[in-house]
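Accompanying notes for the structure given below.
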Amino acid sequence: MDRFSWSNGLLEINETLVIQQRGVRLYDGDEKSKLDVGVALLSTHRLIWRDIKNHECCMSMPLSQIIFFEEQAAGIGKSAKIVIHLHPSPANKEPGPLQNSKYSYIKLSFKEHGQIEFYRRLTEEMTQRRWENTPVSQPISSGTGSQSGRTRAVGIVGIERKIEEKRKETDKNISEAFEDLSKLMVKAKEMVELSRSIATKIKDKQGDITEDETIRFKSYLLSMGIANPVTRETHGSGTHYHMQLAKQLGDMLQAPLEERGGMMALTEVYCLVNRARGMELLSPEDLLNACKMFESLKLPLRLRVFDSGVMVVQLQSHSEEEMIASALDSVSEKGSLTAEELAKLLGLSVLLSKERLLLAEKMGHLCRDDSVEGLRFYINVF
Amino acid sequence: MNFEWPWQYNFPPFFTLQPNVDTRQKQLAAWCSLVLSYCRHHKLYTLDVMEAQESPVFNNKKIERKLPVEAIQVVFEELKKKGNLEWLDKNKSRCLVMWRRPEEWGKLIYQWVSKNGMVNSVFTLYELSNGDDTESEEFHGLEEWMLLRSLQALQSDGKAEVFTMDDGKGVKFF
């Protein structure tokens, strides 16, 4: 432990913090030192240890001092340790906590764990030996050989300096944390590029790859959230997937449609279909594309869009006139109706009954009364 | 004599501007004739748009329906198109209601004039509108500006000539 020198813990310009770990105790050889509650910091150039309670008690050792190091597994009542074997001190070493030690190795005891990561990082740094590329000057210690090796500063200047240190450390920590994220983003970008190139290849060589594989690949892309250029461009002519889906819907929706008087809002269809499927749910886009193919596939269903933008699926056999006639009957019976009242009468959803009333108005059979009481429809006697 | 409201007046949808084009046309036609007959009955010649909102014409308290101000504007525009209304100001807040068009008045007046063999005679405007002779006529009590317009309409027809005298205007019928 005589390889350590007092330090102010501040990193030099070319020096970066690699990892830090709390709860590290220093051992001089096999003996526990008094330095038992601290933070061990690994930088590109040094190994630093700082006392948690007394921030001014801070020491460092250049990584060049390390010959080799090894892990010592945890035992019962013993924390995991890293044993670091050291070169002898250079002659111009600055004073530290211990002048002479009979050991040429130290141990870092990780009482709050973290040794695996620390070990990994230490290995990395020792392999890369970045300190050799960017030499930094030795940190200056105070003239006195007292416990605190820091440039003692009192008053405001000292406080300012401490704040500055803390800020620098926080900065380093944050950039450390995001380092992994930016690596991930780089990888993701590569993935997206790859999948996009494959998608274009598929588009060009349609036929070389079987339909099944194409569909499977497209579904992978979709699940990753990448819109497939093939389906988007060719949705008019319909993909196999949507055609199959349309047929499936045709079978499935017959009964529910008849129950509901031949018409269902697209949102209702979406809920019904996905509830029935359980797994392998449909996206709204897929449902819409499949519904658009009803007519071309000669299925007995139709997708219909009202003026207001509401989309419904209706049975082909469903008759417009009958609907209007039934609505008019209800209105004339009651004198006047709101959309909600009609919905209740006919057992429809409010949305659909409103569409029905609006349609009747458009055809001139009904007229409207718009007041603070709401929107009512009367038979048009103008 | 009490004013007789048309059946539409008690039909709530009458007070909502109908979106259906055909329905709207019929609705507006009904409104126009209602406004004109109301004005005729009460001998109203001018209307103020703000006041009109509260007048019983556009506000049926019994069925709790009011024609909204935008719709009133539409009705007035319709009347203007038909020639029964004229705006008095640029902001379209006051208007003249001609429940009979000037030409129609002119014709009426000329009929009376010729019936009584008074063609080629001269009258002052006051005589026409307020004279004892005309008391039983519909145009009795006609406001001067309206009378003037009617006579001007006859004038363009060549049936009369309006001229200015010392204390007012006069007219000669041909």
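Each value in this text was obtained by applying a stated rule to the coordinates, not by laboratory testing. Small disclaimer: the values here were computed from a predicted structure and weren't measured. Cβ atoms come from the backbone with ideal geometry, glycine included; neighbour counts cover every protein chain shown.
Taking Cα atoms, how many degrees apart are the long axis of helix A:211-224 and the longest axis of chain A, rounded to 10 and kept between 0 and 90?
Long axis of A:211-224 versus the principal axis of chain A: about 60 degrees.
Any chance you could give the angle, 0 to 90 degrees and rounded to 10, that helix A:240-259 forms with the longest Cα principal axis of chain A?
60
Mind checking the angle between helix A:155-204 and chain A's longest principal axis? C-alpha axes, 0 to 90 degrees, to the nearest 10.
Here the helix axis deviates by roughly 50 degrees.
What whole-number distance in Å separates the alpha-carbon centres of segment A:74-124 and segment A:262-308?
Cα centroid to Cα centroid, the span is 68 Å.
Sort A:Asp204, B:Asp166 so that the residue with the fewest other Cβ atoms within 10 Å of its own Cβ comes first and the one with the most comes last.
Final ranking by Cβ density, sparse to dense: B:Asp166, A:Asp204.
Based on alpha-carbon centroids, what's the gap between segment A:341-371 and segment B:158-174 in Å, whole number please?
61
I need to check one value: relative contact order of chain B, counting alpha carbon pairs closer than 8 Å and at least 6 residues apart, in percent.
Numbers: 200 pairs, mean separation 30.5, N = 174.
Relative CO of chain B lands at 18 percent.
Among B:Gln152, B:Leu108, B:Met50, whose Cα lies farthest out toward the positive end of the dipole of chain B, if unit charges sit on the beta carbon of Lys, Arg (+1) and Asp, Glu (-1)?
B:Met50
Quick one: Karplus J couplings for segment A:342-351, per residue in order, coefficients 6.51, -1.76, 1.60, θ = phi - 60°, nearest Hz, x for Gly and Pro?
5, 4, 5, 4, 8, x, 10, 6, 4, 4
Sort A:Met59, A:Met185 so the one with the fewest other Cβ atoms within 10 Å of its own Cβ comes first.
Fewest to most other Cβ atoms nearby, the residues stand as A:Met185, A:Met59.
Using alpha-carbon pairs under 8 Å, 6+ residues apart, how would you state the relative contact order of segment A:5-136 in percent?
After rounding, I find 30 percent.
Excluding same-chain residues fewer than 8 positions from B:Lys66, which lysines have a Cα within less than 19 Å of its Cα?
B:Lys26
On average, how much area does the Cα convex hull of the protein assembly as shown cover when viewed from any direction, in nm²? Before the final figure, lay out the partial values.
Values: hull surface 221.1 nm².
Mean orientational projected area (the protein assembly as shown, Cα hull): 55.3 nm².
Show that you can apply the helix-only estimate: for chain B, add -39,500 (n - 2.57) for every DSSP H stretch of four or more residues, divide by all residues, and state [θ] at 222 nm to the nearest 500.
Details: 6 runs with 76 residues, N = 174.
-14000 deg cm²/dmol, from helical runs alone.
Sort A:Ile156, A:Ile48 by Cβ crowding within 10 Å, fewest neighbours at the top.
Lowest count first: A:Ile156, A:Ile48.
Which pairs, out of B:Lys61/B:Lys81; B:Lys43/B:Lys92; A:Lys344/B:Lys61; A:Lys334/B:Lys62, put more than 23 Å between their alpha-carbon atoms?
B:Lys61/B:Lys81; A:Lys344/B:Lys61
What list of ³J(HN,Hα) values in whole Hz, one per residue of segment B:117-132 in order, does the Karplus curve 6.51 cos²θ - 1.76 cosθ + 1.60 (θ = phi - 60°) give from phi, with Gly and Pro shown as x?
Calculated HN-Hα couplings, in order: x, 9, 5, 6, 9, 10, 10, 8, 4, 4, 4, 5, 7, 10, x, 5 Hz.
Counting pairs on different chains as well as pairs 8 or more places apart, how many Lys pairs in segment A:5-136 have Cα atoms under 15 Å apart?
Lysine pairs, 8 or more places apart or on different chains, close enough: 12.
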